[in-house]
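Working notes, beginning with the structure itself.
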Amino acid sequence: MGHRLRSTTSPAPATASPPSALIAALAAAWPDATCELDHQDAYQLLCATILAAQSTDKMINTLTPALFARYPDARALAAAAPEELEPLIYKSGFYRAKARSLIGMARALVERHGGQVPADLDALVALPGVARKTANVVLSTALGTTVGVVVDTHVTRLSARLGLTRETDPVKIERDLMAQLPRSEWKTFADRLIWHGRRVCFAKKPACEQCTLAPLCPSAEVPGRAAGAAKPAGRAAKATTAAKAKTPATTKAKPKATAKATPKAKPRAAKPAKPAKPHR
Ligand code: SF4
């Protein structure tokens, strides 16, 4: 139980718009958002998520078919030699550290869990190379057990911009999100936030004028509205209503159009690099 977060004790961050409005807006924008790492089962998703650190899902999806053909399950991966595994994952960056993590993770699965991926957060984060974000991804996407909110670089950035948290530590951000969102939304909200971050709310230059969340966003940089002008929570509804009344055509843009306008937005994250150790 040491890794469980107690959402009821989370501090209430200043939120410019009610989470329910953001939930609805994100659902309208990205109804089909889901994990973009290709996988057939929990083992594959666990491997892919470890590999995705400091890389992109698109890149990882080009590597995993060969990886899973060579190492179809935890027992095969546990017996892998690093020099055989590394060429298969080289393009993901940090390939030496990731090879160590993958082999260590697989060995731990074999030794502790009969080669199966445990549907338990504490057991998952005890595996080499597996931190809380990875555990939440695998649990919620592959094992149907949502016990937290996935907090990756996109969720971190967008949660702050949308006024859902003032924290910078992923664990504290997760605690804030769990406190404000209904549990039934924990998975889909994160999936949609990640899609929004990849396609609209870019790290360096968010496409606020094409963003359907702009009327709800205290960080929106749109004409006639000062950037970073976060409004106190009590004024949020009025601000939202007023913004909608002005009906800026750009904010009405349908997300699919937005996605086309910024096609296949390359997740700004990550060129594979080689230094030290992947952040998971
Ligand atoms: S309005 Fe701008 S900062 Fe806010 S969520 Fe949209 S793109 Fe991001």
Net charge near G115: determine it from the other residues with C-beta under 13 Å of the C-beta of G115, scoring Lys and Arg +1 and Asp and Glu -1.
-> 0
Multiply the residue gap between K205 and R75 by 0.36 nm, knock off their C-alpha separation, and tell me the result in nm, one decimal place.
-> 42.4 nm
When all C-alpha to C-alpha distances in region 42-132 are sorted into bins of 5 Å, what percent of pairs does each bin hold, rounded to whole numbers?
-> 3, 16, 29, 27, 17, 7, 1
Cα centroid separation, region 92-127 to region 149-206 (Å) = 26
Return the aspartates and glutamates within reach of K172: Cα separation strictly under 17 angstrom, same-chain partners fewer than 8 residues apart disregarded; answer none if there are no such residues.
-> D152
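Computed from the coordinates by the stated procedures, all read-outs in this text should not be read as laboratory data. Here the structure is a predicted model, which means the values were calculated and not measured. A quick note on method: Cβ atoms are made from the backbone with ideal geometry, for glycine too, and the neighbour counts reach across all protein chains shown.
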